[in-house]
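Here the structure is laid out as structure tokens; the discussion comes afterwards.
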Amino acid sequence: MCMIKVICFDLDGTLVDSEEVILKSFDKVFEVYAPEYRFNNLKEYRVYLGPILKDTFSRFTSDEEEIKDMIALFITYYKSIEKPLIKLYPSVLETMEYLYNSGYKMSLVSNKLKTSTDQSLDTLGLRKYFSSYVTLDRVGVGKPDPKCFSFVREDFNVSPSEIIMVGDNECDIDAASNAGIKSVLCGYNDWASDVLKKSKPTYVVNSFDELIDVINKINGE
């Protein structure tokens with residue numbers, strides 16, 4: 001029986017509640033570059049959660065330089081407002097500590113750039129748990145492309161059956177499915193029901209600490 005050895009985590013919406021920061025950053029970009037597409041309600045920007053920024057902004061312009069400028073503004077504005085607004089979801093720190101002390105290897109698998117994850121990890125005390133970072137600038141393509149998991153396999157010398165992906169969005173679940181990897185959907189966000197209509201996670205948890213029971217069940221503990 002193959003056992004889980006490596007746990008991969010998405011960041012935003014999975015470990016970190018950064019929704020307000022993300023939505024405000026989208027709003028700032030549209031205010032500056034595409035005011036005709038700006039929403040009145042911040043939550044309407046949820047339709048852009050998941051895909052990489054380049055794909056999102058390419059819907060509104062084909063000008064490559066403008067797309068780069070939009071991405072740059074998003075990242076700069078995000079960093080400028082992030083610290084007082086982001087927070088960990090309940091039981092994340094305790095669960096990560098348990099898994100870390102239990103000997104599991106952990107990888108951050110995100111559609112963000114590495115520089116965009118660093119501030120979040122340091123602000124919330126998560127950096128020590130990760131020995132691998134598989135971010136957009138390393139992979140070159142975002143989830144749901146399964147290429148990210150080839151880097152995970154290389155980093156830890158493991159097979160797909162020894163990896164599990166934990167995420168909140170269909171791109172997380174679909175990337176894992178496309179790679180033949182088990183997945184866990186974090187069902188504590190109010191968009192989880194929409195994700196379940198589009199994707200098929202192996203497991204669903206309604207609180208982050210339930211992940212321990214999932215891993216123990218898979219590993220027969």
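Taken together, V32, V47, V92, V21 contain a single residue that is β-branched (V, I, T) and under 27 Å from D213 (Cα atoms), which is V92. Count of region 170-218 residues, restricted to those that are of a type in the set (D, E) and within 13 Å of the chain's Cα centre (by Cα), is 3. Of all the criteria given as (1) open to solvent by 70 Å² or more (accessible area, probe 1.4 Å); (2) in a helix (DSSP H, G or I); (3) more than 14 Å from K112 (Cβ to Cβ), the one not satisfied by I67 is (1). Exactly one residue among Y203, Y188 is free of Cβ contacts under 8 Å to residues at least 24 places away in the same chain and either among the aromatic types (F, W, Y) or touching a Pro at 6+ places or on another chain (Cβ under 8 Å) (or both), and that residue is Y203.
Pairs linking a residue in region 16-27 that is within 19 Å of I71 (Cβ to Cβ) and outside any loop (DSSP other than H, G, I, E, B) to a residue that is open to solvent by 30 Å² or more (accessible area, probe 1.4 Å) and among the acidic types (D, E), with Cβ atoms under 9 Å and 6 or more positions apart or on different chains, are L23/E44.
Please verify whether region 43-56 includes one or more residues that are outside any helix (DSSP H, G or I), surrounded by 13 or more Cβ atoms within 10 Å (Cβ to Cβ) and among the charged types (D, E, K, R). Checked against the condition, which is being outside any helix (DSSP H, G or I), surrounded by 13 or more Cβ atoms within 10 Å (Cβ to Cβ) and among the charged types (D, E, K, R), region 43-56 yields no hits at all. If you go through region 115-149 and pick out every residue that is within 26 Å of A179 (Cα to Cα), open to solvent by 30 Å² or more (accessible area, probe 1.4 Å), part of a helix (DSSP H, G or I) and in contact with a strand residue (DSSP E or B) (Cβ under 6 Å, 6 or more places away or on another chain), you end up with 0. Identify the residue in region 28-42 that is touching a residue at least 40 places away in the same chain (Cβ under 8 Å) and surrounded by 15 or more Cβ atoms within 10 Å (Cβ to Cβ) and, among all such residues, is farthest from L126 (Cα to Cα). Among those residues, the one meeting the criterion is Y33. Of all the listed residues (V204, V195, V214), the sole one being part of a strand (DSSP E or B), touching a strand residue (DSSP E or B) at 6+ places or on another chain (Cβ under 7 Å) and open to solvent by less than 70 Å² (accessible area, probe 1.4 Å) is V204.
Of the residues making up region 78-94, those that are in a helix (DSSP H, G or I) and buried (at least 19 other Cβ atoms within 10 Å of the Cβ) are Y78, V92. Within region 153-169, the set of residues being over 20 Å from I218 (Cα atoms) and either surrounded by fewer than 24 Cβ atoms within 10 Å (Cβ to Cβ) or over 13 Å from the mean Cα position of the chain (by Cα) (or both) comprises E154, D155. For L185, the test of being open to solvent by less than 10 Å² (accessible area, probe 1.4 Å), closer than 16 Å to V16 by Cα and in a helix (DSSP H, G or I) is failed.
Among the residues of region 101-114 satisfying the criterion of being without any contact (Cβ under 8 Å) to a residue 40 or more places away in the chain and not in a helix (DSSP H, G or I), which is nearest to S199 (Cα to Cα)? Among those that are without any contact (Cβ under 8 Å) to a residue 40 or more places away in the chain and not in a helix (DSSP H, G or I), it is L113.
The values are calculated or read from the model by the stated rules, or taken from the named source; none is laboratory data. As the structure is a prediction and not an experimental result, all values here were calculated from the model. Reconstructed Cβ throughout: ideal geometry from the backbone, glycine too, with neighbour counts over all protein chains shown. Remember, those area values only see protein heavy atoms, side chains included, never the ligands or the DNA or RNA. Shrake-Rupley method; radii C 1.70, N 1.55, O 1.52, S 1.80 Å.
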